[in-house]
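Here the structure comes first, spelled out in structure tokens, and everything after it is commentary.
The values are calculated or read from the model by the stated rules, or taken from the named source; none is laboratory data. Keep in mind that this is a model prediction, so the values were computed, not measured. Neighbour counts run over all protein chains shown; Cβ positions are idealised from the backbone, glycine included.
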Amino acid sequence: DPSGTFVQLRVSLVQTACTKRAPRRQNCRTLENRRKPTCLACYKFDNGDVPKVLDKYQNCGPSHHLAVKEIKHRDEEECRAVEEAGRSSDVPYLPGMYAFSKGLPA
């Protein structure tokens, strides 16, 4: 995509019995009947040498929530908008967007 790089990341989290400062977190058992949020993050970076974030969207919500379908639908729309960021057809010309000056004769 000439307007940049789009990245979408979906992560499902689960609570464990380990504390945050536990030295061996990979051996933690999961806790049943606890929160299991699902997180979605969408980013759009430009194509520069040092990529800048053109747009982003992040949301973490409970997977057991009654309105999961509505949240998922909104997340998809928001990510679609992030993906479109930086495309020339998205950016209308606004007065003052460009400035030109006339140079003095040499």
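In the set Gly86, Gly48, only one residue is at pLDDT 80 or above and within 14 Å of Thr5 (Cβ to Cβ); that residue is Gly48. Residue count for the range 10-33 satisfying the condition of being among the basic types (Lys, Arg) and modelled with pLDDT under 80: 4.
Summed over the range 2-50, the residues that are in contact (Cβ under 8 Å) with a residue 40 or more places away in the chain, assigned to a loop (DSSP other than H, G, I, E, B) and exposed (fewer than 12 other Cβ atoms within 10 Å of the Cβ) give a count of 1. Cβ separations smaller than 9 Å between residues 6+ apart or across chains give no pair from the range 55-72 residues that are more than 20 Å from Val14 (Cα to Cα) to residues that are at pLDDT below 70 and charged (D, E, K, R).
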